[in-house]
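Novice: I'd like to ask you about the structure that follows.
Taken together, the values in this text are just the output of simple stated rules run on the coordinates, not laboratory data. The structure presented is a predicted model; accordingly, all values stated were derived computationally and were not measured. Note that each Cβ is placed from the backbone with ideal geometry, even for glycine, and that neighbours are counted across all protein chains shown.
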Amino acid sequence: MAETNRPLANRILIGLAVGVIAGVASLALGRVWPASLVFVRQLSTSVLDPFGQIFLRMLFFVVIPLVFSSLATGVVQLGRLDKLGPLAGRTFTLFFFNMAIGVALGLVMMNVLQPGNHLDPAAKTRLLQEFGGAAQKHIASGAASPQMNFATVVEMFMPKNLFGAVVGHTNTVIGDVLPLILFAIFVGAVGTQLSVEKRRRLQDGLELVSELMTGIVHFALRLAPYAVPAMIYSVIVKIGVDILLALGVFALGCIAVMLLHLFGTMSIWLKIWTDRKPLQFFKDIRAVLVTAFSTSSSNATLPTALACAKETLGLRPSVAGFVLPLGATMNMSGTALYEGCVVLFVAQVFGIELSVAQQFTLLFLAVLSAVAVAGIPGGSLPLIAGLLATFGVPAEGIGIVLGVDRVLDMVRTMTNVGFDVVTAVVVDAQEARAEAKAAGGS
């Protein structure tokens, strides 16, 4: 979220507070006057829920085109990897491991804290009834824990009818995202082999689609200050205050694991691959972290990061100029971590258990989707909805976390940008060693 959108974030937080206070007050009034609770629940079902669905459906509209265009664009932008040389190889390897470690830490945290299990069985039953029978059918059929083998993986990623799988069989569910992701990678990979002119036209077309979908997301976000309080109020009056406890544990757990990843993993990387002292490094990049936290935008923080890398950290301009702009669009460690946590949290809330094999699949898909959503304000919401649908979790469940999303956005952006800088430092150190070795051998 850019700095110019901070008033929007403030309005969403205010709306969240209003919805929570009104929901708790309605529950308290319902203890004294039960008829009032019956009335507000009926009002929520007939008015507030449909209004919230307008916001959610606008996000769901863009899931399929946004996933395809964003991921295909990201692959096309890489050009010919064999011509980018060792610099690109080191950079992309560090990006991948950075995001994979982040998602793994997030999933471990979610399995330990299990914030979604703070709901009592009665509350979960009401939640399942409220969001329809999709999750109940998923649990009853055992689809949440399929037999994971090579044939299953092939079927998941490569169905016989690509468009039938992607479009979906009914208008009440989002189509399969896994084959779409693979198809987008294929399109992007073939696009890199085209002539320069054709590759440019392909990239322009994909970027245009992404820009259009981003505009729809922006339209949806204008409704967020009103839709968020409506949805959280409806959930509270129907489910009870247990949902607030679960949401609080989820938010605090996400913040804690993001900070652990940022300062813990980053310190280990600095110790292993560079000669820099972590404490001094954090002091040197303090302005970058503060800018990222306050603006919640990797792109808005890029000028500060570039200046810090060149002037304060003394990195090679060629390394800083390659790694940092690329990291601002691809290296989304905090976003990948958050997406994995949201999917697991909402699954826990609905009582859907994801197996170890499915969580490994989630790790891989969270990394891919984080790359796809890079540089798209608010774009993570429809992609998270796609991930939820992939694992048989009601996509409407993202409405539960929308209120705290804006708070967590600041921390995950700081995590994203912090790892952009540390990746540049590590790559710079590796380039220096490679040059020294080449000079010594000549």
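Novice: Give me the distance in nm between label points sitting 7 Å out from Cα along the Cα-to-Cβ direction at Trp273 and Arg200, one decimal.
Specialist: Simple spin-label model gives 3.3 nm for this pair.
Novice: Between Val32 and Leu208, what FRET efficiency follows from the Cβ-Cβ distance if R0 is 45 Å, with the result rounded to 0.05?
Specialist: Numbers: r = 57 Å, r/R0 = 1.27.
For Val32 and Leu208, the calculated efficiency is 0.20.
Novice: Subtract the Cα-Cα distance of Phe39 and Ile54 from 0.36 nm times their separation in residues, and report this length gain in nm to one decimal. Write down the numbers at each step before the final one.
Specialist: Details: separation 15, 0.36 × 15 = 5.40 nm, distance 2.23 nm.
Between Phe39 and Ile54, full extension yields an extra 3.2 nm.
Novice: Quick one: order Thr301, Thr361 by neighbouring beta-carbon count within 10 Å, fewest to most.
Specialist: Values: Thr301 30, Thr361 19.
Exposure proxy ranking, most exposed first: Thr361, Thr301.
Novice: Same structure again: What's the exposure ranking of Phe186, Phe51, Phe68, going from fewest to most Cβ atoms within 10 Å?
Specialist: Working: Phe186 12, Phe51 15, Phe68 23.
With the fewest neighbours first, Phe186, Phe51, Phe68 line up as Phe186, Phe51, Phe68.
Novice: Taking R0 as 25 Å, what FRET efficiency do you get between Gln280 and Asn111 from their Cβ-Cβ distance, rounded to the nearest 0.05? Let's see the in-between values first.
Specialist: Values: r = 35 Å, r/R0 = 1.40.
Calculated transfer efficiency: 0.10.
Novice: Label Phe92 and Met158 with points 7 Å out from Cα along Cα→Cβ: what is the distance between them in nm?
Specialist: According to this spin-label approximation, the distance is 2.1 nm.
Novice: Let me ask another. Which value in nm describes the separation of the simple spin-label points at Val290 and Arg222, placed 7 Å from the Cα toward the beta carbon?
Specialist: 3.5
Novice: Now for a different question. Per 0.36 nm of contour for each residue apart, how much would the distance between Phe360 and Leu260 grow if the chain were fully extended, relative to their Cα-Cα spacing?
Specialist: 33.9 nm
Novice: Which order results if Glu431, Glu311 are arranged by neighbouring Cβ count within 10 Å, fewest first? Don't jump to the answer; show the numbers that get you there.
Specialist: Numbers: Glu431 17, Glu311 9.
So the residues, fewest neighbours to most, are Glu311, Glu431.
Novice: A further question follows. For the range 271-277, in order, what is each residue's ³J(HN,Hα) by Karplus, 6.51 cos²θ - 1.76 cosθ + 1.60 with θ = phi - 60°, in whole Hz (x at glycine and Pro)?
Specialist: Rounded to whole hertz, the list is 5, 6, 10, 9, 9, 7, 8.
Novice: So, counting K/R as plus one and D/E as minus one, what does the shell of residues with Cβ under 14 Å around Ala309 add up to?
Specialist: Numbers: positive: Arg276, Arg286, Lys310, Arg316; negative: Asp284, Glu311, Asp420, Asp428, Glu431.
In short, -1.
Novice: Could you run the Karplus curve 6.51 cos²θ - 1.76 cosθ + 1.60 with θ = phi - 60° over the range 342-352 and give me ³J(HN,Hα) per residue in whole Hz, x for Gly and Pro?
Specialist: 5, 4, 5, 5, 5, 4, 5, 4, 8, x, 9
Novice: Now for a different question. Considering only Cα-Cα distances, which of the following residue pairs are longer than 32 Å: Lys310/Lys437; Lys160/Lys238; Lys160/Lys198? The partial results should precede the final answer.
Specialist: Working: Lys310/Lys437 24 Å; Lys160/Lys238 42 Å; Lys160/Lys198 29 Å.
In this structure, Lys160/Lys238 exceed 32 Å between Cα atoms.
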